[in-house]
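The values are calculated or read from the model by the stated rules, or taken from the named source; none is laboratory data. This is a predicted model, so every value here is computed, not measured. All Cβ positions, glycine included, derive from the backbone under ideal geometry; neighbour counts span all protein chains shown. In case anyone asks, the SASA skips ligands and DNA or RNA and just uses the protein heavy atoms, side chains included. Shrake-Rupley method; radii C 1.70, N 1.55, O 1.52, S 1.80 Å.
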Amino acid sequence: MSNAIAIIGCLAFLCAVGYGIFHLICKAAKKDKHFSKKLFWPLLIGGFILLLTGASLAEPDASAVKAEEKYSTLDTAYQKLTKEHQALEKKYENISAAAEKEKSEAEAGNEEKLSKLSQEISELKKTNKSLKQDNEKLKNSQKKLEKTAETLQSENKSLKRQKAETKTSENAETAQNNAPSSGGHAETKAAGTSQGCDIKGSRNGIYHTPGSTYYDRTTDPAEMFCSVEDAVAAGYRAPKR
């Protein structure tokens with residue numbers, strides 16, 4: 001039925017159009033032909049209305065049905081993908097929020113660690129500075145002790161020399177008192193030598209052991225010693241060669 005209405009409307013519309021074209025041709029050929037508006041406009045408008053009515057009532061063809069089904073399937077898939085996309089967005093937001101939270105907590109922990117490290121470094125710097133000051137004090141004390149030791153060593157050498165000179169003078173006085181002549185001194189030396197005290201102490205403050213370079217040349221020693229320790233204790237030193 002709808003197809004018949006559409007066909008009738010199409011024929012009426014075509015008749016109206018053909019009538020209009022025919023009238024225009026006649027007018028161009030200067031042939032007077034009466035143009036009937038009562039015939040043209042009803043055919044044109046009525047045919048157009050019938051054509052539209054038949055087209056609207058016509059059943060959709062198979063391609064249109066397939067297209068509709070395909071569109072419906074695609075729309076369903078689109079809706080499903082939209083829901084999945086929304087779910088993924090929500091999941092992403094949750095993961096992002098958790099990551100931001102962990103990041104903020106990690107940054108807070110790092111800041112706390114950095115603060116502790118800064119405090120430890122500051123304390124170590126203070127300790128290092130204090131140790132440097134103590135080291136400087138120890139160096140100064142060491143220098144003072146070295147100077148004191150040098151002074152004591154010089155005083156000790158001076159005392160040893162004084163002691164040796166005093167001992168030498170006492171020995172000389174004793175020798176003079178015990179021996180009436182100069183031969184007594186030689187006898188004392190010989191007695192010392194016979195007892196094993198054969199280390200000679202020269203008047204220059206140098207001791208000579210048997211077999212040394214200047215041992216035989218030292219014929220008039222100031223003292224005789226039984227050991228090197230006695231000679232050193234008396235203020236004598238070893239020869240340079």
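Kindly check whether there is at least one residue in the stretch 20-30 that is touching a helix residue (DSSP H, G or I) at 6+ places or on another chain (Cβ under 7 Å), surrounded by 12 or more Cβ atoms within 10 Å (Cβ to Cβ) and not in a helix (DSSP H, G or I).
Going through the stretch 20-30, the residues touching a helix residue (DSSP H, G or I) at 6+ places or on another chain (Cβ under 7 Å) turn out to be 20.
If we keep only those that are surrounded by 12 or more Cβ atoms within 10 Å (Cβ to Cβ) too, we end up with 20.
Of the ones still in play, those that are also not in a helix (DSSP H, G or I) are none.
For the stretch 20-30, residues touching a helix residue (DSSP H, G or I) at 6+ places or on another chain (Cβ under 7 Å), surrounded by 12 or more Cβ atoms within 10 Å (Cβ to Cβ) and not in a helix (DSSP H, G or I): absent.
Condition check: among the hydrophobic types (A, V, I, L, M, F, W, C) and open to solvent by 60 Å² or more (accessible area, probe 1.4 Å). Does Leu114 satisfy that? Yes: the conditions hold for Leu114.
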